Amino acid sequence: MNIERGTLNSRRILVTGGAGFLGSHLCEKLLALGHEVLCVDNFYTGRRANITHLLGNPLFEAIRHDITFPLYVEVDEIYNLACPASPIHYQFDPVQTTKVSVHGSINMLGLAKRVKAKILQASTSEVYGDPTVHPQTEDYWGHVNPIGLRACYDEGKRCAETLFFDYFRQHRLKIKVARIFNTYGPRMLPNDGRVVSNFIVQALKGQDITVYGDGSQTRSFCYVDDMTEALMRLMESPDDFTGPVNLGNPVEFTILELAEKVIELVNPLKTQHSKSKIIFAPLPSDDPRQRQPDITLAKEKLGWEPLTGLEEGLAKTIDYFRKLVTCKLTSHKRTKLSDE
Ligand code: NAD
Ligand code: UDP
């Protein structure tokens, strides 16, 4: 199955969480295909700066709205991405995190039902918890601590999947459920605590790289462009394919390997920032030991697999953060100078 660029009928598409990291890239790609895009975001972890460049496009509209409250708009498709995704942000207000996944999903499913829209849920590899099956396949039911610090996110997302499948069975809604594995790229927040952004920002500033635990835990990292392509292909897939489907890059790394790679890429000539060394800090509770998607289903049903390797994706992400960090340092220097 292939999306034929430019030959799709233009549709009205709602992206919740559209000002976030993944959402803003998705809005951009959908607009480039000629669709009308409505971005709904309460700017909890999203930023206006992520979508400023889209505001002049007549096909783009942005609304500040919290999806835990009902929304009445006319659309053909809904990508439901609204939800804080980094552990420090989703644990900051855990009750709100569960509400976004549960009340937010009920509101978006209700909207989809009323306007007969197709709806896609951004679920997560976290539904597998600390997995005992490796790599993870979609038929694995997971190993989640229901009362731990990550539960607001993990159980919220699991409940959202339940709601999607009940609306599918009970109301014959057209649903798609994507289980997204760790995704990275430009527009991640520099301070959201996720490992790729943390390591890059630390290395760029010449600070020590904080590896939690002994760094032997694994993750599989997918570049954002591959992920948006996968999400759009899933939305385009035949109605009888609902998922859940794993979306991610199956190449697995230990966190220690990631730290070493980032140091090497940020400072290839080992010049001014070679100050960064790896230090070890306590492992957060319920931190999954291993994570690697089995993407056989995505390959078969969506004709998709990631095209961007870790080095290439990291290089693009480092470029983005380098500009951000340089910009911040320069404006800080200017402020200091004007203070003096
Ligand atoms: P993000 O935090 O950058 O984006 C989430 C967006 O949702 C933000 O713009 C935020 O302001 C918005 N939001 C939060 N609560 C809201 C509410 N109540 N109403 C309206 N908007 C709200 O995170 P992201 O990495 O772009 O993740 C997007 C989606 O993908 C999330 O649902 C996340 O769970 C899922 N996901 C992401 C990853 C990843 O590695 N990036 C992995 C698995 C799943
Ligand atoms: N991690 C780390 N140092 C950091 C941030 C994260 O070692 O500065 C580890 C974290 O403990 C986890 C992995 O990196 O094992 C991925 O963390 P992230 O928060 O990015 O994603 P998630 O745990 O949700 O997969």
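Quick look at the numbers
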read-out: Residues of segment 186-225 classified as part of a helix (DSSP H, G or I) and within 12 Å of ligand 1 (Cβ to nearest atom), total; value: 4
read-out: Residues located in segment 169-181, provided they are surrounded by 15 or more Cβ atoms within 10 Å (Cβ to Cβ) and either touching a helix residue (DSSP H, G or I) at 6+ places or on another chain (Cβ under 7 Å) or of a type in the set (D, E) (or both); value: L173, I175, K176, V177, A178, R179, I180, F181
read-out: Odd one out for T162, checked against (1) within 20 Å of G18 (Cβ to Cβ); (2) without any contact (Cβ under 8 Å) to a residue 40 or more places away in the chain; (3) among the β-branched types (V, I, T); value: (1)
read-out: Any hit, segment 131-146, residues being surrounded by 20 or more Cβ atoms within 10 Å (Cβ to Cβ), among the hydrophobic types (A, V, I, L, M, F, W, C) and either part of a loop (DSSP other than H, G, I, E, B) or in contact with a helix residue (DSSP H, G or I) (Cβ under 9 Å, 6 or more places away or on another chain) (or both); value: yes
read-out: Residue match in segment 239-246 (condition: part of a loop (DSSP other than H, G, I, E, B), free of Cβ contacts under 8 Å to residues at least 12 places away in the same chain and surrounded by fewer than 21 Cβ atoms within 10 Å (Cβ to Cβ)); value: yes
read-out: Members of segment 291-330 found to be among the β-branched types (V, I, T), out of contact with any Leu (no Cβ under 9 Å at 6 or more places or on another chain) and part of a helix (DSSP H, G or I), listed by number; value: T296, T317, T330
read-out: The lone exception for S10 - which of (1) in a loop (DSSP other than H, G, I, E, B); (2) near ligand 1 (Cβ under 9 Å from one of its atoms) it fails; value: (2)
read-out: Count of segment 82-100 residues which are assigned to a loop (DSSP other than H, G, I, E, B) and more than 16 Å from ligand 2 (Cβ to nearest atom); value: 2
read-out: Residue count for segment 254-264, restricted to those that are touching a helix residue (DSSP H, G or I) at 6+ places or on another chain (Cβ under 7 Å) and within 22 Å of R291 (Cβ to Cβ); value: 5
read-out: Residue within segment 100-108 that is crowded, with 20+ Cβ neighbours inside 10 Å and away from ligand 1 (no atom under 13 Å from the Cβ) present; value: no
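Laboratory data are not the source of any read-out in this text; all were calculated from the coordinates shown. Here the structure is a predicted model, which is why all the values come from computation and not from measurement. All Cβ positions, glycine included, derive from the backbone under ideal geometry; neighbour counts span all protein chains shown.
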